[in-house]
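Input: a single structure, listed below in structure tokens.
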Amino acid sequence: MCSSDLLEILPGITGLVGPNGAGKSTLMNILTGLTFPDQGHVSIHGLSPRDPERFYRDVGYCTQYDSFPAGYTGRKFVQGTLEIHGYSRQQACLMADRAIERVDLQDAASHRIDSYSKGMRQRIKLAQAICHEPDVLVLDEPLNGLDPMARSQVIDLFREFANEGAYVI
């Protein structure tokens, strides 16, 4: 690619499709600053992932991998993320509850994540990605492990974000 080449994604839902090893997850890792490109640079809304404090105010990321702090409940995981982002404990509690409700995990929010099923772990990762109402959602394998009913609910959630003008990748 020449330095003038540009990938521009418009608001709405953008799906990345390709065989294993095609680079979909690598692109998402570059978009979110988990990996840096050998050439060029990435910016989302003019913000660089090299400035994560500002960058992650606008970006929500749901990785394909499970990695949770030991002993955390779903609520503590989502609320803790918000507190790290600088929200007060009271704001973080309200926002966490809203995100948990949006992924339909209220009944399990006070349970430890290590007791969750694969689908429940996926939904709590989604709650963490959306809890701060980002303009951009980067979702790597977001439907992995979800049963058909949960898949439908999550797809509807992505459509809600897209209809509100968000970028859902």
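The values are calculated or read from the model by the stated rules, or taken from the named source; none is laboratory data. Everything numeric here is computed off the predicted structure, so don't read it as measured data. Don't worry about glycine lacking a Cβ; one is built from the backbone with ideal geometry, like all the others, and counts go over all protein chains shown. Accessible surface is based on the protein model in full, side chains and every heavy atom, while ligands, DNA and RNA are left aside. Shrake-Rupley method; radii C 1.70, N 1.55, O 1.52, S 1.80 Å.
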Less than 14 Å Cβ to Cβ from D147, Lys/Arg counted +1 and Asp/Glu -1: what total charge do the surrounding residues give? +3
Using a 1.4 Å probe and ignoring any ligands, DNA or RNA, find the accessible area of T35 and quote it in Å² to the nearest 10. 60 Å²
Given the options L146, L94, L105, which has the most mean-square fluctuation in a GNM of the chain, springs set between C-alpha atoms less than 10 angstrom apart? L94
What shape does the stretch 1-65 take by its C-alpha gyration tensor, where a ≥ b ≥ c are the square roots of the eigenvalues and a/c under 1.5 counts as rounded, a/b above b/c as prolate, and the rest as oblate? rounded
Which lysines have a Cα less than 29 Å from the Cα of K24, not counting those fewer than 8 places away in the same chain? K118, K125
